[in-house]
Structure formats: structure tokens, C-alpha cells
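J.: Just passing along the structure, written as C-alpha cells.
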Amino acid sequence: MRSETDIVPLDKRTPGVQAIEPLIFPVLEAVYTRREKRLRLLAEQLGEAEGGYFKFLSCLVEAQQILKHMPLGAADVSAIRAVPKQGCDQDHLEKLLLEIPSWQQAFLFLVQQVGCVVPETTRTMLGKCGQDIPALTKQAASLLCGKYAQVDAGLAVVLWAALSVCWAQAVEQDQEHIQQAQPAGEARLCPCCGAQPVASLVLGGDREGLRYLQCSLCETRWHRVRGICVECGASAHLEHWTFEDLKAPLQAESCGDCKTYLKVFRLDYDPELDALADDLASFALDTAVEQQGFARAGLNPFSFPR
């Protein structure tokens, strides 16, 4: 039985060695189901009381799953496709985002769904943000441009979740067009949306040992060969860090050339891991690696850098 139940299976028509797919598109129903389950399990393992952060995130992901059943219209898919993948002027990006009502509606829905599990001050702040769409759009553009410090931390997580579910649905519905575009195979950022990766995944099952990067926005995975730095492409000074042994399912890969690191989730060792949830639960490893002089190369939208 396959372990990566949230990705499309390989084409079995050709015997022998399978061609490596440059992209693996998400199956969002399975992505959100597994992530919610993982967040609830981590909340239990950490002994979180009601109102804890992992329980809030599980509620947020559950709401994303509900939105998954409200597919985007063709106009919104086309509009999201037109958003530049990187290097876009923020004012221009704001204009484009104003013309995409789906993410705005998704934000209002998510605020409604998580209202009962956030503090009153956060609930009030989110409600006010939802009443001022132009100001909310400016905040959304700041997030997509990587200006995370300009957005309130409580707003950023919910706002990104709204953007993410819409961008992920757009990719899910636009696979044929994306495949025709032939995205670069050595991309540092997501070839579909231009967002940073959360982490590296080493897959099991039919894709045993292959490395893919997990997008922080649209949930797509794209292939990168192992043994090279994701950030700079160097290979001479890579090291792997872990609190366990070399068979640890969670590691950090650092590069001595560019002084960055990225988490590595060995799904071939533990297929139940979720990049967003388990990355958040393992920040002690980040701290240890950063104390060695390395800077994080990826982005976890559950915990934006300040």
C-alpha cells in the first residue's frame, strides 16, 4: 500500500526505472486530513490545554478542508495564474489581488471558523481586518513579497492560510497548463507560485529515496536532486544535523558555502510526518543549527520570521 496518500501515484505503464516527475501536485483532501490529524496528535503529545497553538492550527486546517469543497471559478484560477511568481512590484501585486475575490472570501470564512478558539483581542483584530479589504490586500501583498515583519503575527497565519487554500486549488485545477510551461528542474522557489519551500522531503514507496521540496503556499512538491544545497547548489560542505542517529526521520541539512540550512523529513523512515506540523514541533533543532552559524532557508507559514 502507498504511504504518500496525498500525492498522485506514478504512471505504471513503463516498466523498469520510472521517469522522475518534476512536479507532484497536491491532493488537497488528503493533505489537510493528514495535517489536521498530525497537529492534534502533536497537541496531545505536548500536553496542550484548550486554547493551545497546535489546537488552534488544527482548527484552521479543518476550515481549509471545508474550503476545499468550495472550488474556485475559472476566472479566479486564471487571475491567480496571472500573478507573477517573483519580483513583482508590491503596488502592482495589490491591484492584482484586489481582483481575486476568492482569497478575500476564504479569509472571512477562516476568521469565522477560528473565532471561538482565539483570544478575544485576536478575534477583534481579525474581524476589523476583514472589514477593510484594501488594507487587508496590502497585508496580503506584503506576505507574498516576503515582508513578514510588516504584518501582525496573528493576522499573518490566518491570511496566509486563506491565500494558500486558493493558490493550492488553482494549481490543482490548472495542472495541464502548468505542465506545459515546463518549470525549471533546479528551482530554489516553487515553480508554480514562486513561494519558498517549507522543507525537503525524501519520499518512500514508488519514489523511494527521491527528494522533493514542499511549497509553503500552493502545497506543490518539486524535485531537487539530493547531495546539493537547495539554496546555492554547492555540494562540497553539506552536513546533516539531528538529535538522534543517521536514521532519524527529521534532520537539518546545512551548507558550509552559503551558511544556510533546510529541514529534511525522511518520509521513507516515517510516512506520517507533515512538513508544516512537524517542523513547528521541532524548533529545538532549528535553534541548535542556528547556534552553529547557519540561517534558515525555508518558510513555515505557521511561524513567520520576524
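J.: Against the condition aliphatic (A, V, I, L, M) and open to solvent by less than 20 Å² (accessible area, probe 1.4 Å), how does LEU273 come out, does it pass? Step through it out loud before you land on a result.
T.: Details: aliphatic (A, V, I, L, M): yes; open to solvent by less than 20 Å² (accessible area, probe 1.4 Å): yes.
When the stated conditions are applied, LEU273 passes them.
J.: Among the residues that make up region 103-125, is at least one of them over 13 Å from ALA63 (Cβ atoms), part of a helix (DSSP H, G or I) and in contact with a Pro (Cβ under 9 Å, 6 or more places away or on another chain)?
T.: Of region 103-125, the ones over 13 Å from ALA63 (Cβ atoms) are 103-104, 119-125.
From the residues that got through so far, the ones that are part of a helix (DSSP H, G or I) too are 103-104, 120-125.
Filter again for in contact with a Pro (Cβ under 9 Å, 6 or more places away or on another chain), leaving none.
Within region 103-125, not a single residue is over 13 Å from ALA63 (Cβ atoms), part of a helix (DSSP H, G or I) and in contact with a Pro (Cβ under 9 Å, 6 or more places away or on another chain).
J.: Would you mention how many residues in region 20-75 are of a type in the set (Asp, Glu) and either crowded, with 21+ Cβ neighbours inside 10 Å or in contact with an Asp or Glu (Cβ under 9 Å, 6 or more places away or on another chain) (or both)?
T.: Number satisfying all stated conditions: 4.
J.: If the requirement is being acidic (Asp, Glu) and under 20 Å from LEU210 (Cβ atoms), which of these qualifies: GLU272, GLU239, GLU290?
T.: Matching residue, one of GLU272, GLU239, GLU290: GLU272.
J.: Might you let me know whether region 166-179 holds any residue that is surrounded by fewer than 21 Cβ atoms within 10 Å (Cβ to Cβ), in contact (Cβ under 8 Å) with a residue 12 or more places away in the chain and in a loop (DSSP other than H, G, I, E, B)?
T.: Yes, region 166-179 has at least one match.
J.: Next question. Listed residues VAL158, VAL111, VAL151; which is in contact with a Gly (Cβ under 7 Å, 6 or more places away or on another chain) and of a type outside the set (Gly, Ala, Ser)?
T.: VAL111
J.: Being farther than 26 Å from ALA135 by Cα, at pLDDT below 95 and in contact with a His (Cβ under 7 Å, 6 or more places away or on another chain), is that true of even one residue in region 66-87?
T.: No, every residue in region 66-87 fails to be farther than 26 Å from ALA135 by Cα, at pLDDT below 95 and in contact with a His (Cβ under 7 Å, 6 or more places away or on another chain).
J.: Can you name the number of the only condition in (1) within 29 Å of HIS223 (Cβ to Cβ); (2) under 17 Å from the mean Cα position of the chain (by Cα) that PHE54 fails?
T.: Single failed check for PHE54: (1).
J.: Residues that are in contact with a Pro (Cβ under 7 Å, 6 or more places away or on another chain), among the β-branched types (Val, Ile, Thr) and surrounded by 14 or more Cβ atoms within 10 Å (Cβ to Cβ), at least 1 per element: which strands (runs of 3 or more DSSP E) completely within region 181-257 meet that?
T.: Counting at least 1 such residues, we get no strands (runs of 3 or more DSSP E) at all.
The values are calculated or read from the model by the stated rules, or taken from the named source; none is laboratory data. The structure presented is a predicted model; accordingly, all values stated were derived computationally and were not measured. Positions of Cβ are generated from backbone atoms using ideal geometry, with glycine treated the same way; all protein chains shown enter the neighbour counts. Note: areas computed on protein heavy atoms with side chains; ligands, DNA, RNA excluded. Shrake-Rupley method; radii C 1.70, N 1.55, O 1.52, S 1.80 Å.
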